[in-house]
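The values are calculated or read from the model by the stated rules, or taken from the named source; none is laboratory data. On a predicted model such as this, the values are computed, not experimentally measured, just so you know. Cβ sites come from the backbone with ideal geometry, for glycine too, and all protein chains shown count toward neighbours.
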2 protein chains.
Amino acid sequence: MPRSASDRPTLALVAQRAGVSVSTASLAFSGAGPITSETRDRVLAAATELGYHGPNPLGRQLRSGRCGIVGVVLGDNPGRAFRDPVSIRVLDGLMEVLGEHRLGVLLIPGNQPQSIAPLDPLVASAAMDVAVLIWGALPDDPNLAALGRRGVPVVLCGEQTLPGVPVVRIDDRAGAAEAVRHLTELGHTRIAEITLPLDVWGAHSGVVTAARIAEATVMVTVARLAGFRDVIEPVITWEASASFVEHGREAALSILGEWVPASQRPTAIFAQTDQLAAGAVIAARELGLRVPEDVSIVGFDGLDLPWLSPDVLTSVHQPLRAKGVAMGQAVVGLLAGEEPQVVTLPTQLIEGTTTTKAEG
Amino acid sequence: MPRSASDRPTLALVAQRAGVSVSTASLAFSGAGPITSETRDRVLAAATELGYHGPNPLGRQLRSGRCGIVGVVLGDNPGRAFRDPVSIRVLDGLMEVLGEHRLGVLLIPGNQPQSIAPLDPLVASAAMDVAVLIWGALPDDPNLAALGRRGVPVVLCGEQTLPGVPVVRIDDRAGAAEAVRHLTELGHTRIAEITLPLDVWGAHSGVVTAARIAEATVMVTVARLAGFRDVIEPVITWEASASFVEHGREAALSILGEWVPASQRPTAIFAQTDQLAAGAVIAARELGLRVPEDVSIVGFDGLDLPWLSPDVLTSVHQPLRAKGVAMGQAVVGLLAGEEPQVVTLPTQLIEGTTTTKAEG
DNA sequence: CGGCTCGGCCAAATCGTTTCGACCACATCT
DNA sequence: AGATGTGGTCGAAACGATTTGGCCGAGCCG
């Protein structure tokens, strides 16, 4: 057994030992092309004798021009992307499909807006057959530009569409509208909003004005903001700096705090993600408010949140795993030379225990 | 700009256009070796004209014998590995170090015990310079065996040590003992235990006997079980089928249920992970028990659990991110030809709000 | 019995880059 | 002036596999 990678036997060595040509030995492993089982056995025997365990992927890759690797660009630093159950679920579905097609997932930290280095070196020069921008792309995304220059095909996720690029999306605007309409149909009129960051920096946090909302650049946020306003105008909008429970809690503590007269207190909150909504539920509990009697709360994503027990969040469910699966299929289609498509997946509001009729 | 990968210009083309040899053109890009700035500029100009954006990584890889990729083998299916905040944090630290050294992370679904296919094809044949078994290895791990045959160096995480293989670990046994000792020092004597799965299948769930405990095969579990028993014998041991909140909740509902006479009810629980412990806190709340007055709960890992608010879990903190960092450094060291080491990181019990003195 | 087909094997070209050694011109030292 | 560098460039040989086209012999059909 070879100690290090340097003294690994090559196919040529195996062929020599088996008394056949290199091409025949290759055939014995790949299985393509006609070969006597006797010959194959001789090659395989020679291989085991020499400790040769299959062809070196590097050589194969160079020849075939493919490396079997799909780069997955995380939209933010990995610490955040991974803490977000949403991307986790998507990644899960994606890996399933890619695994079936013997494609590997290369994790690529996305561009970090505050960083000086605009581009991860992996984006610029790692070997990959396709890249997936799992968190959506900005209109002038540097990753997208770099991958385009390199000639790496891309699959996108989210609102942004580009000619010749497959996109997997949901109707964020309609989903948000459905959530808010659910609340208005229950009789709520004073509805607060907890929104995702309006820009990629995520530096701001707190109540925001209409002016700032009009300048929002993150496409997902923009769509969900618009969906809310398709139904009714929020009484207050609170911008979170990221989609974590603690931010939702902080927002709701402020929105529902005791300094707000009960008569003016929002009777419902729509949070743009389940994490934020869950934070709001926790905040309401801490403030001694009953959910949903005193305040109804709706989220977006449809995560399974066992730790919110005994509450079950009312939420706009999106098929996260299916999203990943669809992206995987888009990757496979791209490699097969199919025409890129825009796939829109359905969302569905599912009632939990955190919404009920407005009092009075 | 080239439309597809097939008609991408090569270094030879660029060299020809610039009127220099291929080797000189290579020098112009790599920067290694002497070259006139004038010549380099000519090459670079020719490259931009042709839309050549740096050397093809595949060719470079074949030549250098390295592909700049580290395979990260997830111990279970990715859906689970990613749901577990523990591996996420470790992965985060790992990616940071590897990123600094321009190494990419290739995600590899681990062996799925219930599956017929014993080995992921990526383990068997993906190109990688090193593999990291992030969830530790079994004594007879098929991944480990396959990687060994292929000559891929390995970095391990956890209790299992192997000659010539770098390992990053914590002292699980001592950590568990510290947690339980904390409870006994507070006067607790009836202490229940919620344990991680005893075997890799994770099919069993419920109260377990001493006989089954003696047959535990997962090293981490074994170590934490032993740590408990270094201090005191648990009054009851409940095996969870995975490290999720809902399993901890289920366990605690059973352990603390109203059918248990208050005089015999455990006054404290040590759960082998924070997720399980958090589930226990939630269960206690649902049962109307006060934490910590009626029941003290200790976890293991030291996760930040904002959704457990207002409680803060008492827990044995392990440096998760540092674990990833150490594994990254082990990878880099391995590639640099350094001697493999076993690194043991410290753990520390940090008191939250979920433990207090036993009553009476 | 001759021509044709076809299965099984091989030689050689190819993928795109890096790197080693050779080479040349020019400057420097003795 | 001749010997000794030396900076800049080039040719050619790896790196390890796949794949195309060709060759040879055996079987089949007419």
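Can you list residue pairs whose Cβ atoms sit under 6 Å apart, with the first residue in the stretch A:80-96 being within 7 Å of another protein chain (Cβ to nearest Cβ) and the second being aliphatic (A, V, I, L, M)? Count only pairs 6 or more apart in sequence or on different chains.
Note: pairs meeting the criteria are A:Phe82/B:Ile88; A:Met95/A:Val105.
Just checking, how many residues over the stretch B:217-237 are surrounded by fewer than 15 Cβ atoms within 10 Å (Cβ to Cβ) and polar (S, T, N, Q)?
So the answer is 1.
Out of all the residues in the stretch A:68-79, which are in contact (Cβ under 8 Å) with a residue 24 or more places away in the chain, away from DNA strand D (no atom under 16 Å from the Cβ) and either within 9 Å of another protein chain (Cβ to nearest Cβ) or of a type in the set (A, V, I, L, M) (or both)? Spell out how you get there, then give the answer.
Quick first cut of the stretch A:68-79, residues in contact (Cβ under 8 Å) with a residue 24 or more places away in the chain only: A:68-78.
Now drop any that are not away from DNA strand D (no atom under 16 Å from the Cβ), which leaves A:69-78.
If the condition is that a residue be in contact (Cβ under 8 Å) with a residue 24 or more places away in the chain, away from DNA strand D (no atom under 16 Å from the Cβ) and either within 9 Å of another protein chain (Cβ to nearest Cβ) or of a type in the set (A, V, I, L, M) (or both), then A:Ile69, A:Val70, A:Gly71, A:Val72, A:Val73, A:Leu74, A:Asn77, A:Pro78 are the ones that fit.
Could you look through the stretch A:238-266, keep only residues that are more than 26 Å from the chain's Cα centre (by Cα) and among the polar types (S, T, N, Q), and pick out the one that is surrounded by the fewest Cβ atoms within 10 Å (Cβ to Cβ)?
A:Ser263
So, in the stretch A:173-216, exactly how many residues are over 25 Å from A:Ala284 (Cβ atoms), crowded, with 18+ Cβ neighbours inside 10 Å and charged (D, E, K, R)?
Residues meeting the conditions: 1.
Within the stretch A:38-54, restricting attention to residues that are surrounded by fewer than 19 Cβ atoms within 10 Å (Cβ to Cβ) and hydrophobic (A, V, I, L, M, F, W, C), which residue is farthest from DNA strand D (Cβ to nearest atom)?
A:Ala45
Among the residues in the stretch A:24-31, are any under 18 Å from B:Arg149 (Cα atoms), away from DNA strand C (no atom under 11 Å from the Cβ) and outside any helix (DSSP H, G or I)? Don't jump to the end; show me each part of the working.
Initially, the stretch A:24-31 is screened for residues under 18 Å from B:Arg149 (Cα atoms), giving A:29.
Applying the additional criterion that residues be away from DNA strand C (no atom under 11 Å from the Cβ) yields A:29.
If we keep only those that are outside any helix (DSSP H, G or I) too, we end up with none.
Within the stretch A:24-31, none of the residues are under 18 Å from B:Arg149 (Cα atoms), away from DNA strand C (no atom under 11 Å from the Cβ) and outside any helix (DSSP H, G or I).
A:Ala126 - would you say it is out of contact with any Pro (no Cβ under 6 Å at 6 or more places or on another chain) and crowded, with 19+ Cβ neighbours inside 10 Å?
Numbers: out of contact with any Pro (no Cβ under 6 Å at 6 or more places or on another chain): yes; crowded, with 19+ Cβ neighbours inside 10 Å: yes.
It is true that A:Ala126 is out of contact with any Pro (no Cβ under 6 Å at 6 or more places or on another chain) and crowded, with 19+ Cβ neighbours inside 10 Å.
Here are some conditions: (1) within 21 Å of the chain's Cα centre (by Cα); (2) assigned by TED's automatic domain parsing to the domain that holds B:Leu91; (3) at negative phi. B:Arg150 meets all but one. Which one does it not meet?
(1)
Of all residues in the stretch A:55-67 being at the interface with chain B (Cβ under 7 Å from one of its Cβ atoms) and under 30 Å from the mean Cα position of the chain (by Cα), which is surrounded by the fewest Cβ atoms within 10 Å (Cβ to Cβ)?
A:Gly65
Listed residues A:Asp129, A:Asp140; which is more than 29 Å from B:Ala126 (Cβ to Cβ) and not β-branched (Val, Ile, Thr)? Even if it seems obvious, please write down each step before you answer.
On the way: A:Asp129 fails: more than 29 Å from B:Ala126 (Cβ to Cβ).
One residue alone meets the criteria, A:Asp140.
For B:Leu13, which of the numbered conditions (1) within 14 Å of another protein chain (Cβ to nearest Cβ); (2) in a helix (DSSP H, G or I) fails to hold?
Going through (1) within 14 Å of another protein chain (Cβ to nearest Cβ); (2) in a helix (DSSP H, G or I) one by one, B:Leu13 breaks only (1).
Mind checking which pairs have a first residue in the stretch B:153-180 that is at positive phi and a second that is of a type in the set (Lys, Arg) and at pLDDT 95 or above, Cβ under 8 Å, 6 or more apart or different chains?
B:Gly158/B:Arg169
Looking at (1) more than 14 Å from chain B (Cβ to nearest Cβ); (2) assigned to a helix (DSSP H, G or I), which one does A:Glu258 not meet, given that it meets all the others?
(2)
Let's see how each residue does on (1) away from DNA strand D (no atom under 16 Å from the Cβ); (2) of a type in the set (A, V, I, L, M); (3) not assigned by TED's automatic domain parsing to the domain that holds A:Ala278:
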site: A:Gly33; (1), (2), (3): no, no, yes
site: A:Thr36; (1), (2), (3): no, no, yes
site: A:Leu58; (1), (2), (3): no, yes, yes
site: A:Ala81; (1), (2), (3): yes, yes, yes
site: A:Arg89; (1), (2), (3): yes, no, yes
site: A:His101; (1), (2), (3): yes, no, yes
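Which residue is modelled with the lowest pLDDT, if the candidates are limited to the stretch A:32-69 and must be aliphatic (A, V, I, L, M) and outside any helix (DSSP H, G or I)? Spell out how you get there, then give the answer.
Initially, the stretch A:32-69 is screened for residues aliphatic (A, V, I, L, M), giving A:32, A:35, A:43-47, A:50, A:58, A:62, A:69.
With the extra rule that they be outside any helix (DSSP H, G or I), the set shrinks to A:32, A:35, A:69.
Details: A:Ala32: 81, A:Ile35: 89, A:Ile69: 96.
Top of the filtered list is A:Ala32.
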